[in-house]
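I have placed the structure first, in the form of C-alpha cells, so that the comments after it can refer back to it.
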Amino acid sequence: MPSNIEKFDNLTARVFASLYEAFPVEKSLQPADFDIGAEAAFNDADAINAPLLKDVEFFASTVRWLASAGYLEFRTESNLGTFYDATLTSKGLEVLKAVPDSLKDSSGRSEKTLGEYLTDSVKAGAVEAMRKGASYALSSGAALAWNAVLTAVR
C-alpha cells in the first residue's frame, strides 16, 4: 500500500500533466478523471461509501494544496471534489516548462520539458517516473520561491 506522500506525488503528476496538456485552456478536474470513483462515493442518499469518500477527499486536498502553493488555480469547487476552470499559474507553467538535468543528454540538450515528461509518463502508466517528476516539479517550485525571497532581501 503506497504512503500518502507516494499517493500525493502520483496524483500531483497526473494533475500537472492534465493541466499542462490543456494549457492555456481551463478545464475541470474531477475525481473520476483520475480513477477515483466520485459518483460511486454515494451509494444512495443515506449511505456513504467511506473508502471512496476518503479517496475523493484526498484528491480534493491535493488539488487545494497545489493551489495554495501557487501551482494552479481554479474558479470554484463542488462538494464532490470537482474543481471548475482549473489552470496552471505562471509558477506552475514555469516549473513544467523547465528541462531537468536528468532529462538532458551528454551534450546538455533535451527534447522534453518536465511537463512533457510527466504527460508521457502518465500516458505510459510509469508510476515511478510520475513520482520523480512530481517531486522535481515541487522542489523546483520551492527553489523559485526561495530565489524570489533572496532577490527581494538584497
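Taken together, the values in this text are just the output of simple stated rules run on the coordinates, not laboratory data. The structure presented is a predicted model; accordingly, all values stated were derived computationally and were not measured.
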Starting from the amide H of Leu72, placed 1.01 Å from N in the peptide plane, find each other amide H under 5 Å away whose residue is 5 or more places distant or on another chain.
Ala67, Thr89
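Among the listed pairs Lys91/Lys132; Lys54/Lys123; Lys91/Lys123; Lys112/Lys132; Lys27/Lys132; Lys7/Lys91, give every one whose C-alpha distance is greater than 21 Å.
Pairs exceeding the cut-off: Lys54/Lys123; Lys91/Lys123; Lys27/Lys132; Lys7/Lys91.
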